[in-house]
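Just so it is clear, none of the values below were taken in a lab; they were calculated from the coordinates. The structure presented is a predicted model; accordingly, all values stated were derived computationally and were not measured. Ideal geometry is used to build each Cβ from the backbone, glycine not excepted, and the neighbour counts take in all protein chains shown.
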Amino acid sequence: MDFKNSDTIPGPRTEDRLPQTVQAAVKIVIVGGFGVGKTTMVGSVSEIKPLTTEETMTQAGIGIDDNFGSDTKTATTVAMDFGRISITEKLVLYLFGTPGQERFWFLWNGLFEGALGAVVLIDTRRLEVSFDVIGRLEERGVPFVVAVNSFPDAPRYPVEELRQALDLAPEIPIVECDARRRASSRDTLMTLMRFLHSLAMTGALT
Amino acid sequence: MTPPQRQRRYPSQPPAPEPAAVGERRNPERMFVVGGDGGDRANLDLVTLIVARADPPPSATPEQTALLRLCTAPLSVAELSAYLSLPFSVVTVVLTQMLADELVEAHKPLVRQSVADRSLLEAVMHGLQKL
Ligand SMILES: Nc1nc2c(ncn2[C@@H]2O[C@H](COP(=O)(O)OP(=O)(O)OP(=O)(O)O)[C@@H](O)[C@H]2O)c(=O)[nH]1
Ligand SMILES: [Mg+2]
């Protein structure tokens with residue numbers, strides 16, 4: 001990007017600018033496997049057109065195609081979509097649609113550690129891609145709810161069967177969701193917030 | 001049809017949860033190195049809000065000038081990264097210098113606490129209800 005003429009730098013549209021009264025932000029992570037609907041969910045509830053932040057990581061080419069000495073490196077760009085919801089004149093909520101592979105998570109400082117909680121999006125056609133994410137969140141003590149995206153040709157399992165298959169504790173909410181619909185995505189976020197609130201009431205939040 | 005079954009990697013006792021502290025850079029895969037240079041960086045979260053405190057000084061770099069124009073109103077580091085088309089790590093390097101020079105100020109995010117702030121959770125619920 002050419003910064004010489006910074007008049008040309010795209011910025012927020014006037015209506016997307018936050019008021020000066022905003023003092024702090026919170027974040028929620030929407031995590032799930034490839035193509036499960038993360039970007040769709042972020043977009044359906046965001047008040048701004050979803051944006052993308054990128055990070056580059058280089059992988060030292062240890063033992064891989066090591067024909068040119070030990071200097072071979074592969075650069076991978078990892079992108080994360082995010083959106084924003086104004087909560088009060090002082091508080092704003094950001095939603096991040098995050099790839100399911102944990103090796104990407106460390107690229108962004110405190111992405112999960114600082115989040116209020118997470119929504120795990122699952123597609124019942126490919127349930128297994130969510131197993132790893134769920135295990136990682138449990139290990140990190142990140143509170144989460146599970147949202148089952150309603151893809152038309154996906155098998156439908158009774159909630160208790162899903163709970164058993166995903167080996168989820170009885171208190172963890174499992175909801176159906178159509179990420180394309182704002183009301184449905186909002187309800188999913190509300191389910192997460194109510195769950196966090198109940199954890200706070202019982203002092204169970206880690 | 002029966003769904004596939006998840007196997008817990010730690011079936012008995014879950015390991016102690018990680019502290020909620022923000023800013024420690026965890027690096028579970030040591031093979032990977034984050035882009036950008038590795039100097040001392042300010043502890044900036046994706047949703048740390050940045051606000052300009054000054055007009056661009058004559059000495060400002062083009063990146064700094066662009067950034068100051070963007071954050072005349074509060075803007076998250078993530079948004080700055082998106083609008084400037086720069087990786088998050090590069091933006092944090094630029095901001096570290098600008099914080100030291102007092103060109104911008106940073107507002108830390110509210111993060112998950114061991115004792116959750118119920119009024120914060122209630123405020124978020126109330127805000128979502130209005131959507
Ligand atoms: N039927 C249905 N389709 C959905 C739903 N959510 C997303 N889709 C569709 O699924 C496709 C993938 O959605 P994305 O939002 O791009 O998924 P993603 O998780 O961001 O994908 P990656 O970033 O590539 O991993 C799109 O064509 C969406 O329109 C849903 O709830 N129901
Ligand atoms: Mg996506």
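A few notes on this one:
- The selection criterion, being in contact with a Phe, Trp or Tyr (Cβ under 7 Å, 6 or more places away or on another chain), part of a strand (DSSP E or B) and more than 12 Å from ligand 1 (Cβ to nearest atom), holds for A:Ala118.
- Of the residues screened, A:Leu107 is not one that is over 30 Å from B:Asp40 (Cβ atoms) and touching a residue at least 24 places away in the same chain (Cβ under 8 Å).
- Of the helices (runs of 4 or more DSSP H) lying entirely inside region B:61-125, those containing at least 1 residues that are facing another protein chain (nearest Cβ under 7 Å), touching a residue at least 40 places away in the same chain (Cβ under 8 Å) and surrounded by 20 or more Cβ atoms within 10 Å (Cβ to Cβ) are B:88-100.
- Against the conditions (1) in contact (Cβ under 8 Å) with a residue 12 or more places away in the chain; (2) away from ligand 2 (no atom under 16 Å from the Cβ); (3) facing chain B (nearest Cβ under 10 Å); (4) touching a helix residue (DSSP H, G or I) at 6+ places or on another chain (Cβ under 6 Å), A:His197 satisfies every one except (1).
- Top-ranked residue in region A:24-36 [being over 20 Å from B:Ala78 (Cβ atoms) and more than 8 Å from ligand 2 (Cβ to nearest atom); ranked as surrounded by the fewest Cβ atoms within 10 Å (Cβ to Cβ)]: A:Phe34
- Here the condition is being touching a residue at least 24 places away in the same chain (Cβ under 8 Å) and within 16 Å of ligand 2 (Cβ to nearest atom); of A:Ala147, A:Ala165, A:Ala154, A:Ala115, it holds for A:Ala147 alone.
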